[in-house]
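Below is one structure, written out as structure tokens; the observations come after it.
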Amino acid sequence: MTLKAKLESLLSETPLEISEQQVDLLIQYVDLLVKWNKAYNLTSVRDPEEMLVKHILDSLMVGPQLHGKSFIDVGTGPGLPGIPLSILYPDRQFVLLDSLGKRITFLRQVVFQLKLTNVKPVLSRVEEYHPEIPFDGVLSRAFSSLNDMVSWCQHLIAVDTGRFFALKGQYPLEEIAALPDNIELVTGSEIEVPHLVGERHLIELKKI
């Protein structure tokens, strides 16, 4: 089975609506990730089929829970979840932030080759990056704790309207209990990712 056929099979197990052109872009992204990974060590996942589940589907399945038009993916690494989500939602804008030059070099190549007009890779530490207009959402699966995420990223979103979307494994009960007073839990949803071993949750928080 080709990689494309494998991805189409996986996607058929989800409620996502995705075109053949979008599937092709996702496969091109995986191809680039495999190729660049050999020199740049972008991800510990080496097998392309494993990438389809652990990187592509894992990123896409949070999509239906997101709302807003502009997002920043903080600590994006090789573009996760930002690149798959930008392919799924071409009408939304994504800034992909990372402090490591080689990751941003890779992401610029992805944007160029896939002709992604809604993605802007930015090389910066999060505390040094100040957007002109606050984002609708901060996305991340890189932070060790929710407290770290909200304390480092509070300046990126507006009070009340902006949202933090944290991708976590098990439901982080203790981390939620330890959140600062000006941060409120909006929802905590379990995300079903076909063929992924282990739990997945999306935690949505807001500033009050």
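The values are calculated or read from the model by the stated rules, or taken from the named source; none is laboratory data. What you are looking at is a predicted structure, and each value in this text was computed from that prediction instead of being measured. Note that we place each Cβ from the backbone using ideal geometry, even for glycine, and neighbour counts take in every protein chain shown. Just so you know, the surface numbers come from the protein's heavy atoms only, side chains and all, with ligands and any DNA or RNA stripped out. Shrake-Rupley method; radii C 1.70, N 1.55, O 1.52, S 1.80 Å.
Can you give the translational diffusion coefficient of segment 1-154 in µm²/s, computed by Stokes-Einstein from the Kirkwood radius over Cα pairs at 4 °C and 1.567 mPa s? Translational diffusion coefficient: 82 µm²/s. Summarising the amide proton neighbourhood of S99: residues at separation of 5 or more, or on other chains, whose placed amide H is nearer than 5 Å comprise S124.
How much length is gained on full extension from E13 to H130, taking 0.36 nm per residue of separation minus their Cα-Cα distance?
Gain on extension, E13 to H130, equals 38.2 nm.
Estimated from helical segments only, the mean residue ellipticity of the chain at 222 nm is -9500 deg cm²/dmol, where each DSSP H run of four or more residues counts as -39500 (n - 2.57). Measure off, as a whole percent, the carbon and sulfur share of the 1.4 Å-probe accessible area of segment 1-116, all protein chains present. The computed percentage sits at 50.
Could you work out the relative contact order of the chain? I mean the mean sequence separation of Cα pairs under 8 Å and 6+ apart, divided by the number of residues, in percent. Computed over the chain, the figure is 18 percent. Looking at the chain as a GNM with Cα springs under 10 Å, which of Q21, Q65, Q113 has the largest mean-square fluctuation? The residue that fluctuates most here is Q21. Starting from the Cα of A39, move 7 Å in the Cα-to-Cβ direction to define the label point; list residues of segment 116-130 whose amide nitrogen is under 18 Å from there. In segment 116-130, the label zone of A39 (backbone N under 18 Å from the point 7 Å along Cα→Cβ) covers no residue. If the segment from H195 to D24 were pulled out straight at 0.36 nm per residue, it would be longer than the present Cα-Cα gap by 59.5 nm. For segment 1-121, the per residue solvent-accessible surface stands at 44 Å², with DNA, RNA and ligands left out and a 1.4 Å probe.
Computed across segment 72-176, the Kirkwood radius stands at 14.1 Å (inverse of mean 1/r, all Cα pairs).
Spatial offset of segment 17-66 relative to segment 173-205 amounts to 23 Å, using the alpha carbon center of each. Each of A5 and K69 was given a label point 7 Å from its Cα along the Cα-to-Cβ line. The distance between the two points is 4.2 nm.
Each principal axis of segment 138-208 carries a Cα extent, and these read 37, 21, 19 Å when sorted largest first.
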